[in-house]
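Quick notes on the structure that follows.
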Amino acid sequence: MSRKDQMQQAFLEEAGDLLPELESALLELDERPEDSELINRVFRALHTIKGSGSMFGFEAVAEFTHTVETVFDQVRNGEVPVSKELLDLTFRAKDEIQALLAEPGGQASEAMAAIAAELRQMIPAAEASPSSGHSGRQASQGSGDENVYRIRFKPDTNILATGTNPLALLDELRELGRAHVIAHAEDIPNLQELDPEQCHYWWDVILTTDQGKNSIRDVFIFVEDDSELSIELLEEGVAGGDGSEGYKRLGEILTERGDVDPQELQAALDSQKRLGELLVQAGLVSETQVRSALAEQEAVREVREKRSVDPAESSVRVPAAKLDDLVNLVGELVIAQARLSQTVGGLADQELRGIAEEIERLSDELRDSTLGIRMLPIGSSFGKFRRVVRDLSRQKQKDIELITEGADTELDKTVIERLNDPLVHLLRNSIDHGIESPEERAAQGKPEQGRIVFSARHSGGNVLITISDDGRGIDPETIRSKAIEKELLSPEADPSEKELINYIFEPGFSTSKEISDISGRGVGMDVVKQNISALRGSVEVESEKGSGSSVKVTLPLTLAIIEGLQVRVDEEHYIIPLPAVNECIELNGQEAGTHGGRLVRLRDQLVPYIKLRDWFCLEGEKPEIEQVVIVSVEDKLVGLVVDEVIGQQQTVIKNLGRVYKDVRGVSGATIKGDGSIALILDVDPLVREVSAHEAAVSSTAKTAQRAETV
Amino acid sequence: MSKTIMTVDDSSSVRQMVSFTLKDAGYEVIEATDGQDALNRLKGSVDMIITDLNMPNVDGIELIRKIRSSTGYKFIPIVMLTTESQDEKKQEGKKAGASGWIVKPFKPPQILSVVQKLLK
């Protein structure tokens, strides 16, 4: 017996039980027509016969029973009374059903049609139409062309209580195509008010897919009634413009979505920063909303670009995310290779060692060419800088020429992207505070046209970017009085001119007397410095009063992999970025402290040192002879005392995560060949942190005590 | 480990069909004949429930309500079997906390697609 026959048989047996049940319920109902439980029994019997009947191939039975059931549904709702006439009809209907089931493949008889017609008379008008028996939507077929949709899904806060996982819905969207999901966390209440069983997140999804709108709607079929759901087609794959014309601007997208009012937008547009930043600052939209709009821009741009790519072109466009994946993989490979080298190094097998060296060479090449793919010439940003200079100088009624050098200097794509804002800020500073008005310049005998030079060039493993202007320069005395006023500097202190000038990087420091709408917004040089430090770069200023100032930004070529020097202190391993390292010397136990403090002799000079063992509070016995790694920090030499220098190592940088973002002196971590973790030291902040700490200690303690601790 | 789905229906043929379909697709199936039976059998690992609405003793709506106010199975997906004519019932079921529905009459692939959608 096939499974289908088996199921049909099961249904027939069930119907054999149900029909007598129906009959007895009807008989009782004849005596007690008001009994609602009896009405329910009749309804349930009919309902099951109908439902199961159609599932197991008894279509005629199902269709006929549907009519009877519909009447009894009305009876249940109190809209149709239980009459003698109705009961008679139902008894007859039951007999017909029984007869129909007895003969396989039977068709509806004329008697059944008559009964059905009479029953339908009893039903109030609207309900009379027969069931269509059809459910679900027609999923539209993928057309092969990709469309971009904007989907905003704001589930009911109680969605979890219906056993629905909203994340599973997002996953389903991802299965349809490339989805960029932006989670909105704005509506999440404070912890005290938060009910963990509620969902306060909502999502914008920019979906690029070859599926139709209905397929997207189907994903939300069970929740759409209770959720805020909008699905809009942004870009069709077939028709439409070519990739050269831009997609809507950020402002247009936000207004279109109703996130921001056109007037508010216009007000915000009148100033000159990046629109997204401005809107966020003004509190008109949240950062997430902006990110979401930007993602939309990106997705549409991608689709357009894809369309416009000429297959015969010699270059290939690759989404940046794929490159990121590749870089991650190469990072993993480098770690695995380090492990291999370490393991093989301990073995005597020459052949194996040869292979390991071959792999090392290949993975080095692979790393270099992979990182090379991500390199972009910095010149791609120059156009934007020209625009900034042109617009601002006009607004400030200044005559300024921008000269750019080294447009083909290449930098990691991420570095270029994240460098944009700080560099624009520096340019603004030069325009706003540096270059004088034409009249002023003429009075000082300078050419009326001011000049800003923007240059980029390679210097070792770094890229050096300089922004210099021939403006009024920075007055050290102004900085001094300002620093004293801000209590950043004590009135007795006598810092060098250079040190004074670098006070402009202190938080909250702004020398501009009036706050203009260009710079002096409170987001000052300290933010610039922070941004650049985040890229593991450094920034410093040189200035000569009256003849201009120059800002020097030094950046590493890439953010992903660095050469590092691995050192050990006690059981802990640390990585010191190799570019900072000058040399390594020994620190003999007897010699330590003989130069009146924490100083070590390096040829003909004394170099101060930091004991990492003390700074990181490591226990354990220090060895008889310790090693000192001499690093250069802002042109000065400082020694880092460690137990052992292990050697040079390829270091794949892993972020420590947000929790540790305020830890100074450590910029990240890396996974070593044996799988354990080593922290990467951030030398500049580390040295500054230690000397600030020392200064604080020495101002309260006696010098003698300090000598003892050495 | 394969997931366990409970099918609740007073019609043995529907139960059998749901059960066959799910077992063929590799799920474990627990059968219950009505809401009360379902509550009695609800223990251990049950990942999803497919329930009819019209049943004697404890009906489908009541069953959903009871499960949603329990602790152990509060967040599992519950699918109700409805008919086209039962829109009010469907609304009532959704209010009680049903995750989704399958409209009767249905075919085995429909059950599977809903199960796969909700049971992730």
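Cα gyration tensor of the stretch B:51-120, axes a ≥ b ≥ c as square roots of the eigenvalues: rounded (a/c below 1.5), prolate (a/b > b/c) or oblate? It comes out oblate by the Cα gyration axes.
A simple rule links phi to the HN-Hα coupling: the Karplus curve 6.51 cos²θ - 1.76 cosθ + 1.60 with θ = phi - 60°, which for the stretch A:469-474 gives 10, 9, x, 7, x, 10 Hz, with x for Gly and Pro. Placing dummy labels 7 Å off each Cα toward the beta-carbon, the span from residue A:391 to residue A:230 is 2.8 nm.
Neighbour counts of other Cβ atoms within 10 Å put A:213, B:89 in the fewest-to-most order A:213, B:89.
Sorted fewest first by neighbouring Cβ atoms within 10 angstrom, A:496, B:11, A:550 come out as A:496, A:550, B:11. Pairs with C-alpha atoms separated by more than 31 Å, drawn from the list A:529/A:622; B:43/B:95; A:482/A:654; A:322/B:117, are A:529/A:622; A:482/A:654. In terms of the Cα gyration tensor, with a ≥ b ≥ c the square roots of its eigenvalues, is chain B rounded because a/c is under 1.5, prolate because a/b exceeds b/c, or oblate? Verdict is rounded for chain B.
For residue A:264 and residue A:365, calculate 0.36 nm times their separation in residues minus their Cα-Cα distance, and state this gained length in nm to one decimal. Walk me through the numbers before you get to the answer.
Working: separation 101, 0.36 × 101 = 36.36 nm, distance 5.26 nm.
So the extension gain works out to 31.1 nm.
Centre-to-centre separation between the Cα atoms of the stretch A:400-418 and those of the stretch A:1-70: 79 Å. Comparing A:447, A:333, A:316 along the charge dipole axis of the stretch A:309-460, the residue lying farthest to the positive side is A:447, per the Cβ-charge model. As a length-normalised measure over Cα pairs under 8 Å and 6 or more apart, the relative contact order of the stretch A:561-699 settles at 29 percent. Amide H to amide H distances under 5 Å link residue A:451 with A:401, A:470, where only residues 5 or more positions off or on other chains count and H is placed in the peptide plane. Computed from the Cβ-Cβ distance with R0 of 60 Å, the FRET efficiency linking residue B:87 to residue A:533 stands at 0.45.
Let's see if you can work this out: charge +1 on each Lys and Arg Cβ, -1 on each Asp and Glu Cβ, no other charges. What is the dipole magnitude of chain B about its Cα centre, in debye to the nearest 20?
It works out to roughly 500 debye.
Determine the calculated [θ] at 222 nm for chain A from helices alone, applying -39500 (n - 2.57) to every DSSP H run no shorter than 4 residues and normalising by the residue count; nearest 500 deg cm²/dmol. -13500 deg cm²/dmol, from helical runs alone.
Under the simplified labelling scheme, the residue A:448-residue A:544 pair shows an inter-label distance of 2.6 nm, with each label point 7 Å from Cα along Cα→Cβ. Estimate the FRET efficiency between residue B:95 and residue A:318 by the formula 1/(1 + (r/R0)^6), using the beta-carbon distance for r and 41 Å for R0, to the nearest 0.05. Once the sixth-power term is evaluated, E becomes 0.25.
The stretch B:13-37 and the stretch A:595-662 have their alpha-carbon centroids 68 Å apart.
To make sure I understand the rule: partners must be aspartates and glutamates, Cα under 19 Å from the Cα of residue B:3, and not fewer than 8 residues away in the same chain. Which ones qualify? By straight Cα distance, residue B:3 reaches B:24, B:28, B:31, B:47. Each of A:614, A:408 was scored by other Cβ atoms within 10 Å of its Cβ. Listed from fewest to most, they are A:408, A:614. Excluding same-chain neighbours fewer than eight residues apart, the lysines reachable from residue A:84 by a Cα-Cα span under 29 Å are A:50, A:94, B:89. For the protein assembly as shown, the residue among A:297, B:27, A:51 whose Cα projects farthest onto the positive side of the dipole built from Cβ charges is A:297.
Between residue A:256 and residue A:109, the FRET efficiency from the beta-carbon distance, with R0 = 51 Å, is close to 0.25.
Readers should treat all values here as calculations from the given coordinates under stated rules, not as data from a laboratory. In this text the structure is predicted, and so the values were computed from the model without any measurement. Every residue, glycine as well, gets a Cβ built from its backbone with ideal geometry; the counts of neighbours run over all protein chains shown.
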